[in-house]
Every structure is written in structure tokens, then in C-alpha cells.
Amino acid sequence: MIKKSKTAEVIISALPYIRKFRDKIFVIKYGGAAQTDDNLKLNFARDIVLLHMVGIKIIIIHGGGKKINQTLDLLGVKSEFADGLRITDKKSIEIVEMVLSGAVNKQITALLNQNGAKAIGICGKDANLLEAEVLSGGKYGFVGEIKNVNVNFLKDLLTNDYIPVIAPIAANEKNETFNINADLCASKIASALKADKIVFLSDIDGVLDKNGELISKLNPNLIKNLKKDGTISGGMIPKIDACVECIENGVKNAHIINGKIPHSILLELFTDNGIGSMVKEVF
């Protein structure tokens with residue numbers, strides 16, 4: 001009886017958030033272990049369906065780094081990284097596009113639909129959704145950054161009750177294909193839409209201090225100092241840069257959470273304290 005009562009309390013405590021978030025746009029960057037573990041994948045799909053059913057407009061941008069690495073290894077192509085970004089040559093970009101747009105994207109879309117969603121799998125090339133240009137003068141090969149987002153196309157999908165599932169592949173004016181860092185891709189899309197929230201699923205609890213403790217609240221000034229002293233480094237840099245870019249471009253809140261925790265999205269969004277790191281301009 002006590003357990004049932006506790007469950008009821010949790011549901012009731014979520015009601016104010018459900019009311020507050022209805023008709024708001026949330027961008028979810030989906031990656032890490034949550035994208036590879038079967039149980040976590042199922043939990044993610046069900047959580048997204050729940051968010052959609054209570055009236056939240058969801059857009060998913062996914063990565064696929066582990067699957068890309070596996071495929072490159074099978075084909076004897078070496079993986080290299082710099083500044084947290086995958087160095088992508090001409091041969092690699094064809095494989096990256098095949099894996100992200102052809103395999104990973106459709107697997108995620110199918111799982112969502114199997115669990116009651118109305119999801120549609122697309123990449124940045126579809127309907128000219130994302131217009132790209134080469135990043136840093138070609139320092140990372142065929143890695144791009146987004147110049148423009150076709151906001152009207154995304155709004156049309158949301159208005160018609162679809163959940164867009166987006167692979168971070170885009171083309172430039174010359175129809176050259178570019179791999180886009182999924183964190184930065186999600187940031188650009190959230191910024192263009194002025195989304196209410198963006199949530200990054202990671203394999204760690206969020207931004208950690210030098211003692212390994214979670215920093216639950218951050219603002220751009222604090223982030224600047226943490227990068228300077230080395231607290232924020234490596235693969236966390238693209239995520240935190242994406243968070244700051246969102247906040248500076250009108251997104252109200254950015255979250256980094258541990259996708260290995262079952263139902264982490266619900267715990268972050270529908271509880272008072274959340275479970276990860278939240279970035280906003282002023283607390």
C-alpha cells in the first residue's frame with residue numbers, strides 16, 4: 001500500500017510540469033548508451049511517446065558514433081578524432097551517411113512507431129532541412145556546421161503531430177555531404193525554433209567538478225571559467241558549447257543528463273530537483 005501511495009505522489013507531483021510544458025517544443029539529442037542498450041532504447045521510446053501524449057512537441061536528433069566506429073572497423077577504415085569531433089575524409093563520409101541516415105535513423109524511428117508514436121525519420125538533406133558549410137576551413141575533413149535550418153518544414157511536421165527523428169547529415173550548395181556533430185546540430189535546430197528546452201543524453205550524470213560531483217546549475221559565465229581551468233574538457237566541450245549557444249539564441253533551458261539511468265528524461269523534466277545539469281542565463 002505504501003509503495004502504491006508513493007507512486008501516486010510521483011504522478012501527482014508531475015502534473016504542474018505537464019500543464020506548464022503543454023504545446024512547448026523540446027529538442028532531444030539522443031546518443032550514448034541509451035542508444036545501444038536494448039532496455040534503455042525501449043525506455044527512451046516509451047518516454048518520448050508519453051511526452052508526446054501529454055502535448056509536448058518533440059524533435060529528436062541522434063548520434064551513432066559507436067555504430068559508425070564498428071562499421072569503419074569492419075571496413076578497415078581508421079577512426080580519428082580531434083577536439084571531440086570525428087575527422088571525416090571522403091571515404092568515411094559515405095560510410096557515416098549510410099550508417100546514420102540508412103541504419104540508425106530508421107531503427108530509432110521504427111522503435112518509436114512500434115510503441116505508439118507518429119515518428120518520421122529524416123536527415124538534413126530532406127526538404128533542404130539543414131544547409132551546411134565546411135567547418136574550420138576543412139580542418140576536420142567533411143565535417144560541417146549548419147548555416148540555415150528550414151524551420152517551416154519542421155513546424156509543418158509538428159503541426160501535423162509528427163515526431164521528427166533527424167540524422168545529422170547535411171549538404172552545402174555544391175551538394176557536398178557533411179557530417180554534423182549531433183550536439184551542435186541539435187543546438188542549431190533548437191535555436192532556430194526558439195525551443196523551450198533542449199536535452200542532451202550523455203553517458204555521465206552531467207557536468208562534473210574536479211572531485212567528480214555533479215554541478216546541477218550552470219550559467220554561461222560559470223561555464224567559461226570551468227573550461228578555462230580544465231574542469232570541462234574533451235567530449236563534454238561540444239555538448240556544453242551547444243548548451244551555451246542555445247541559451248544565447250533564445251532557448252530557455254538546456255539540460256545534460258545521464259541516459260544510462262532508466263527514464264532519465266522523465267526524471268529530469270517532471271521532478272523538482274531533476275537528475276542532471278541545467279544551463280540557463282539566470283537562476
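The values are calculated or read from the model by the stated rules, or taken from the named source; none is laboratory data. Bear in mind that the values here come from a model prediction, so they are computed numbers and not experimental data. Please note: Cβ atoms are built from the backbone with ideal geometry, for glycine as well, and neighbour counts cover all protein chains shown.
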Here are some residues: 70, 107. Which one is closer than 27 Å to residue 258 by Cβ, more than 17 Å from the chain's Cα centre (by Cα) and surrounded by fewer than 19 Cβ atoms within 10 Å (Cβ to Cβ)?
70
Please identify the pairs in which a residue from the stretch 184-204 that is in a helix (DSSP H, G or I) has its Cβ atom under 6 Å from the Cβ atom of a residue that is modelled with pLDDT of 95 or more and basic (Lys, Arg), counting only partners at least 6 apart or on another chain.
186/29
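Results for (1) small (Gly, Ala, Ser); (2) part of a helix (DSSP H, G or I); (3) loosely packed, with under 15 Cβ neighbours inside 10 Å, shown as yes or no for each residue.
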| position | (1), (2), (3) |
| --- | --- |
| 58 | no, no, no |
| 92 | yes, yes, no |
| 96 | no, yes, no |
| 127 | yes, yes, yes |
| 132 | yes, no, no |
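Every residue, every condition in (1) among the hydrophobic types (A, V, I, L, M, F, W, C); (2) under 15 Å from residue 112 (Cβ atoms); (3) under 19 Å from the mean Cα position of the chain (by Cα), yes or no:
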{"residue": "14", "(1), (2), (3)": "yes, no, no"}
{"residue": "18", "(1), (2), (3)": "yes, no, no"}
{"residue": "34", "(1), (2), (3)": "yes, yes, yes"}
{"residue": "65", "(1), (2), (3)": "no, no, yes"}
{"residue": "88", "(1), (2), (3)": "no, no, no"}
{"residue": "94", "(1), (2), (3)": "no, no, no"}
Please find, among 105, 128, the residue that is without any contact (Cβ under 8 Å) to a residue 60 or more places away in the chain and either among the polar types (S, T, N, Q) or touching a Lys or Arg at 6+ places or on another chain (Cβ under 7 Å) (or both).
128
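Do you know which residues across the stretch 211-235 are outside any strand (DSSP E or B) and touching a residue at least 60 places away in the same chain (Cβ under 8 Å)? Steps first, please.
Of the stretch 211-235, the ones outside any strand (DSSP E or B) are 211-213, 215-216, 219-235.
Within the stretch 211-235, 215, 216, 219, 220, 234, 235 qualify.
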Condition met for residue 229 (under 27 Å from residue 24 (Cα atoms) and of a type in the set (Asp, Glu)):
no
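I'm trying to understand the selection: among the residues of the stretch 134-164, which are part of a loop (DSSP other than H, G, I, E, B), crowded, with 18+ Cβ neighbours inside 10 Å and over 18 Å from the mean Cα position of the chain (by Cα)?
Within the stretch 134-164, the first condition is being part of a loop (DSSP other than H, G, I, E, B), and the residues that meet it are 139-140, 142, 150, 160-162.
After this cut, where a residue has to be crowded, with 18+ Cβ neighbours inside 10 Å as well, the list is 140, 142, 162.
Listed by number, the residues that qualify are 140, 142.
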Give the number of residues within the stretch 75-93 that are charged (D, E, K, R) and either in contact with a Leu (Cβ under 8 Å, 6 or more places away or on another chain) or closer than 19 Å to residue 62 by Cβ (or both).
2
Go through the residues of the stretch 195-218 one by one and say whether even a single one is in contact with a Phe, Trp or Tyr (Cβ under 6 Å, 6 or more places away or on another chain), modelled with pLDDT of 95 or more and surrounded by fewer than 20 Cβ atoms within 10 Å (Cβ to Cβ).
yes
Over the stretch 165-194, the set of residues under 15 Å from the mean Cα position of the chain (by Cα), among the small types (Gly, Ala, Ser) and buried (at least 24 other Cβ atoms within 10 Å of the Cβ) is 167, 182, 186, 187, 190
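Is it true that residue 232 is over 24 Å from residue 95 (Cα atoms) and either surrounded by fewer than 21 Cβ atoms within 10 Å (Cβ to Cβ) or among the hydrophobic types (A, V, I, L, M, F, W, C) (or both)?
Details: over 24 Å from residue 95 (Cα atoms): yes; either surrounded by fewer than 21 Cβ atoms within 10 Å (Cβ to Cβ) or among the hydrophobic types (A, V, I, L, M, F, W, C) (or both): yes.
It is true that residue 232 is over 24 Å from residue 95 (Cα atoms) and either surrounded by fewer than 21 Cβ atoms within 10 Å (Cβ to Cβ) or among the hydrophobic types (A, V, I, L, M, F, W, C) (or both).
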